[in-house]
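Quick notes on the structure that follows.
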Amino acid sequence: MGRRKNKGRNVSGVLLLDKPQGCSSNHILQKVKRLFGAAKAGHTGSLDPLATGMLPVCFGEATKISAFLLDADKRYHLKCQLGVNTTTGDAEGEVVDTQDVSAISEKMVKKVLPEFLGEIEQVPPMYSAIKHNGERLYKLARQGIEVERKARQVTIYDIEYISLDWEQQVAEQRLILELEVHCSKGTYVRTLVEDIAKKLNCGAHITSLRRLSVGPYDGNMLTIEQLETMAEQGVDRLDSCL
């Protein structure tokens, strides 16, 4: 009888990973899992490829608290461009409409933000992982198909206004709104930004998004580069960060 193949180390704990921009949450999860040589690992809520920041990775026994972290509230720092709609609600999509936003002021923005505090309803974006008849919405969206989505109730605990500034990029000026948002599970920040913009009679899309906290976890994140350096120093060095 052959010896059972070892599928990985029995590592347990929670790693607070600083997800880099430009890769999927699952891609970076698999990379971290390989670095630890872990038998079992999972993340606690995807971040879009554009987004950076906190991605708690649970190893071994800690995967039992994954559901708790999925249900936890989140905090985000974001920048969005007013006056430009994209297909995806962020900078990765194609521009579908533009509006003149030269008249929008800080006073106007501060006036509408309180309207989004508390329990609100959101219609999930087509570019999301929600399923419709067994098919992910983003897959339908890529085929040019749009289906009706039911509104969902979410809670916005706080919206902190940071700035509203014109920024020069190449040959154009962009009006950039910067906010920090504390919200419940299931909140689509892209949709929140678009809905705020509608109150200002314009469109908007996310240009940068960073998750600052998940439930009780905030700060002290490790980058993939730091983990790779630790891996070169041995598994004991890696395990010390759990």
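Some notes on this structure:
- Test: residue in the stretch 126-145 that is modelled with pLDDT of 95 or more and part of a strand (DSSP E or B): no
- Residue satisfying condition, being open to solvent by less than 90 Å² (accessible area, probe 1.4 Å), assigned to a helix (DSSP H, G or I) and among the β-branched types (Val, Ile, Thr), within set Val101, Val112: Val112
- Set side by side, the residues Glu61, Glu92 differ, and just one is among the acidic types (Asp, Glu) and within 25 Å of Ala231 (Cα to Cα), which is Glu61.
Table: residues versus (1) in contact with a helix residue (DSSP H, G or I) (Cβ under 9 Å, 6 or more places away or on another chain); (2) buried (at least 17 other Cβ atoms within 10 Å of the Cβ).
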residue	(1), (2)
Arg152	no, no
Glu180	no, no
Ser184	no, no
Met221	no, yes
Leu227	yes, yes
Met230	yes, yes
Val235	yes, no
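- Meeting the requirement of 3 or more residues that are more than 30 Å from Glu121 (Cβ to Cβ), the helices (runs of 4 or more DSSP H) wholly within the stretch 187-242 are 224-232, 235-239.
- Breaking point among (1) more than 16 Å from the chain's Cα centre (by Cα); (2) modelled with pLDDT of 95 or more; (3) under 17 Å from Val189 (Cα atoms); (4) crowded, with 17+ Cβ neighbours inside 10 Å, for Thr87: (2)
- Qualifying positions in the stretch 36-58 - aliphatic (A, V, I, L, M) and open to solvent by 20 Å² or more (accessible area, probe 1.4 Å): Ala39, Ala41
- Among the conditions (1) over 20 Å from Thr187 (Cβ atoms); (2) touching a residue at least 12 places away in the same chain (Cβ under 8 Å); (3) in a strand (DSSP E or B); (4) open to solvent by 30 Å² or more (accessible area, probe 1.4 Å), the only one that Ser163 does not satisfy is (4).
The values are calculated or read from the model by the stated rules, or taken from the named source; none is laboratory data. From a predicted model like this one, the values you see are computed outputs, not experimental measurements. As a convention, Cβ positions derive from the backbone with ideal geometry for all residues, glycine included, and neighbour counts pool all protein chains shown. The accessibility values were calculated without ligands, DNA or RNA, using every heavy atom of the protein model including side chains. Shrake-Rupley method; radii C 1.70, N 1.55, O 1.52, S 1.80 Å.
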